[in-house]
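Heads up, the thing below is written out as structure tokens.
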Amino acid sequence: MSVPLLDFQKFVEITEPFRQRQLEILAFDMNVSKIEWTVRDVIEELELLVDGRATMAPEEFIDGIREQARRLLK
């Protein structure tokens, strides 16, 4: 029993929406990983700032906090 083959154009029309959805999921997963890494790094930097606050000038501490906030908002 032979099955007729779709031409390439028809094949792409049928499969492209599914392929695009798969790519969106992969892109989202990669962004989540990058976001998680950035958040963890910022938390670590904030902990270091808090630990060193006693030896820092108030302006230096505030600048450090602002810098970490900028990193999160990128």
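Here are some notes:
- For the chain: accessible area per residue (Å², 1.4 Å): 93 Å²
- Compared with the dominant principal axis of the Cα atoms in the chain, helix 58-73 is inclined by about 0°.
- Across the range 8-15, computed HN-Hα scalar couplings (Karplus, 6.51 cos²θ - 1.76 cosθ + 1.60, θ = phi - 60°) run 4, 4, 5, 4, 5, 4, 7, 8 Hz from first to last residue, x flagging Gly and Pro.
- Summed side-chain charge close to Phe18 - residues other than Phe18 whose Cβ falls under 15 Å, Lys, Arg +1, Asp, Glu -1: 0
- Note on Lys34: accessible area approximately 140 square angstrom, rounded to 10, probe 1.4 Å, nucleic acids and ligands left out.
- Nearest-0.05 FRET efficiency for Thr55 and Ile35, computed from C-beta distance (R0 35 Å): 0.65
- Listed residues Val39, Leu5, Gly64: farthest to the positive end of the dipole of the chain (Cβ charges): Leu5
- Dipole magnitude (debye, nearest 20) for the chain, charges at Cβ of Lys, Arg, Asp, Glu: 320 debye
The values are calculated or read from the model by the stated rules, or taken from the named source; none is laboratory data. What you see is a predicted model; the values in this text were computed from it and never measured. Please note: Cβ atoms are built from the backbone with ideal geometry, for glycine as well, and neighbour counts cover all protein chains shown. Each accessible area value is taken on the protein alone, full model and side chains, heavy atoms only, with ligands, DNA and RNA left out. Shrake-Rupley method; radii C 1.70, N 1.55, O 1.52, S 1.80 Å.
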